[in-house]
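Single-structure report; data block below.
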Amino acid sequence: MHNWFECKINYEKVAEDGIQKKVTEPYLIDALSFTEAEARIIEEMRPYISGEFTIVDIKRARYAETFLNDSGDRFYKVKINMITLDEKSGAEKKTPLQMLAQASTLHEAISVIDNGMRGTLADYAIASVAETTLLDVFPFVAEVKTVKKPDEEAIESESESASGPDE
């Protein structure tokens, strides 16, 4: 399960007309703790921001699922109600969940959610869709470290030389 944190960064941005303006922009980052979220957002944003910047706010964002789509340029918060039946009373029970969808339009966001939920066995209903102010999302990507295996010939020659004089 992902732990999402919304981080707001304050820095001076050069506008299209050349004027420097202080802006505060929100980003979403996957991290285990507030401390890791701060460290990761600094690492992710350092190449894009020249000069000083400060993290002005970090808060937990509760998204049950995120559906990232590279063709989308906006992020939409989608509230869905999972519909289950209570076995004892037979009544319908609605459990609200918040999801994040990356899309270009509102209709595309609904399509992204529907495609992402296609394999689920539970019934659901989309209750609301709203565009967020998020500028980017940084999911956790594990670093792959390659371990070089020792050269097998070198191992064989070392063992031969070690056992050679004893024979």
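The values are calculated or read from the model by the stated rules, or taken from the named source; none is laboratory data. Keep in mind that this is a model prediction, so the values were computed, not measured. FYI the Cβ positions are ideal-geometry reconstructions off the backbone, even for glycines, and counts take in every protein chain you see. Heavy atoms of the whole protein, side chains included, go into the accessibility calculation; ligands, DNA and RNA do not. Shrake-Rupley method; radii C 1.70, N 1.55, O 1.52, S 1.80 Å.
Of the set (1) modelled with pLDDT of 95 or more; (2) open to solvent by less than 60 Å² (accessible area, probe 1.4 Å); (3) not in a strand (DSSP E or B), all apply to ALA154 but (1). Considering segment 128-137 alone, what residues qualify as being open to solvent by less than 60 Å² (accessible area, probe 1.4 Å) and in a strand (DSSP E or B)? SER128, VAL129, ALA130, VAL137, listed by residue number.
Of the numbered criteria (1) in contact with a Pro (Cβ under 6 Å, 6 or more places away or on another chain); (2) free of Cβ contacts under 8 Å to residues at least 60 places away in the same chain; (3) not aromatic (Phe, Trp, Tyr), the one ASP57 fails is (1).
Go through segment 43-53 and give me each residue that's under 15 Å from LEU135 (Cα atoms) and open to solvent by less than 50 Å² (accessible area, probe 1.4 Å). Those that are under 15 Å from LEU135 (Cα atoms) and open to solvent by less than 50 Å² (accessible area, probe 1.4 Å): MET45, ILE49.
Report the residue count in segment 1-10 for those that are under 24 Å from ARG74 (Cβ atoms), open to solvent by 60 Å² or more (accessible area, probe 1.4 Å) and not in a strand (DSSP E or B).
Applying the first criterion (under 24 Å from ARG74 (Cβ atoms)) to segment 1-10 yields 2-10.
With open to solvent by 60 Å² or more (accessible area, probe 1.4 Å) added as a condition, the list becomes 2, 8.
When the remaining residues are screened for being not in a strand (DSSP E or B), the result is 2.
Of the residues in that region, 1 qualify.
Return the residues of segment 11-37 that are assigned to a loop (DSSP other than H, G, I, E, B), touching a residue at least 12 places away in the same chain (Cβ under 8 Å) and open to solvent by 90 Å² or more (accessible area, probe 1.4 Å); say none if nothing qualifies. The answer is LEU32, and nothing else.
For segment 54-108, a tally of residues being open to solvent by less than 50 Å² (accessible area, probe 1.4 Å), at pLDDT 90 or above and farther than 27 Å from VAL23 by Cα returns 4.
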